[in-house]
Amino acid sequence: MKLLLSVFTRLHKPPALTGARLSSGARGGPVAAGDEALIRGSSPELVRGLGSQVEVRTAFITEDEEGALLRELEPGLRKKRYEFNHWDDAIHGYRETERERWGEACEKVLSRVRSVAFSEACSLLGPVHVLDLDKTGYIKPHVDSVKFCGSTIAGLSLLSDSIMRLVREDAKGHWLDLLLPRRSLYILRDQARYDFTHEILKDDESVFNGERVPRQRRISVICRNLPD
Ligand SMILES: O=C(O)CCC(=O)C(=O)O
């Protein structure tokens, strides 16, 4: 599909993960059910080293705001079919759209995303990218195209919890798992965006810190800046 062809480049084979799943001292709030960190890594040094380049903010949007986003997005998405055989196999079980104009409630949410994720000086990609993953869908490890996207990717997760895995391109034993609760915001910046692949795990691999995280249908609403 047009959008993914431009954004998803440099596809990678998923590595076998190694390393202890150590508690991270992560940023982001606690998981609703307890007090577990939302970011786990192959080492505490890696998690600390990336610092604010990886963020997960729980409950970034309210249920009402999620509802407003879904009401705007569902009619258009429903007209499309999920694709299960993308030509380069970067993503499985998805449909997508992009949206430039939003109603007032959604625009407020997006302004909040922009204000926490991007500096005022940076130019943003106009349309917001919307990716709807079927319950059986997943995104394979990739690095976003440097030609089309700048240093920062910020995404809201609607409808489902999920796990995003980051793996260092030149050292596959260096990885992070991010638990992305429904209605959270994640932000990847700089090294985390350029030097690590990211992926969204399929339902049957969706385990965080030994706990199963069932993956339902998931919609992500993704803002990006332009390359310098
Ligand atoms: O659905 C997501 O949040 C991740 C999307 C993604 O991998 C990307 O836009 O590069």
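Karplus-based coupling profile of the stretch 214-220, in residue order and whole Hz: x, 9, 9, 3, 9, 10, 10, with θ = phi - 60° in 6.51 cos²θ - 1.76 cosθ + 1.60 and x standing for Gly or Pro.
Under the combined filter of DSSP loop state and at most 16 neighbouring Cβ atoms within 10 Å, the stretch 138-227 retains these GluC sites (Glu not before Pro): GLU169.
Sites listed here are GluC sites (Glu not before Pro) in the stretch 99-145 whose DSSP assignment is loop and whose Cβ has at most 13 other Cβ atoms within 10 Å: GLU100, GLU120.
For the stretch 35-121, a crude dipole built from +1 on the beta carbon of Lys and Arg and -1 on the beta carbon of Asp and Glu, taken about the Cα centre, is about 220 debye to the nearest 20.
Would you mind ranking ARG224, ARG168 by Cβ crowding within 10 Å, fewest neighbours first?
Ascending Cβ contact count within 10 Å gives the list ARG168, ARG224.
Here the gap between ARG212 and ALA105, fully extended at 0.36 nm per residue and compared with their Cα-Cα distance, gives a gain of 35.2 nm. Exposure proxy ranking for LYS172, LYS135, based on other Cβ atoms within 10 angstrom of each Cβ and starting from the fewest, stands as LYS135, LYS172. The phi torsions of the stretch 66-77, fed into the Karplus equation with coefficients 6.51, -1.76 and 1.60 and a -60° offset, translate into couplings of 4, x, 5, 5, 5, 4, 6, 8, 4, x, x, 5 Hz, rounded to whole numbers, with Gly and Pro shown as x.
3J(HN,Hα) along the stretch 89-104, derived from phi through the Karplus expression 6.51 cos²θ - 1.76 cosθ + 1.60 where θ = phi - 60°, amounts to 6, 6, 8, 10, x, 9, 9, 8, 8, 9, 9, 9, 10, 10, x, 4 Hz, with x in place of Gly and Pro. For GLN216, nonlocal amide neighbours, meaning residues 5 or more places apart or on other chains whose placed amide H falls under 5 Å from its own, are ASP161. Amide H contacts under 5 Å for VAL128: ARG99, GLU100, restricted to partners 5 or more places along the chain or on a different chain, H placed in the peptide plane at 1.01 Å from N. Would you give the gap between the C-alpha center of the stretch 174-210 and the C-alpha center of the stretch 56-75, rounded to a whole Å? Result: 20 Å between the Cα centres.
In terms of distances greater than 25 angstrom between alpha carbons, the cross-link table entries LYS80/LYS172; LYS108/LYS202; LYS80/LYS147; LYS172/LYS202; LYS80/LYS135 yield LYS80/LYS172; LYS108/LYS202; LYS80/LYS147. Lys and Arg at +1, Asp and Glu at -1: add these up for the other residues within a Cβ distance under 13 Å of PRO214 and post the number. So the environment of PRO214 carries a net charge of +2.
Coordinate-derived values only; no laboratory data. Every value quoted in this text rests on a predicted model; they were computed, and no experiment measured them. All Cβ positions, glycine included, derive from the backbone under ideal geometry; neighbour counts span all protein chains shown.
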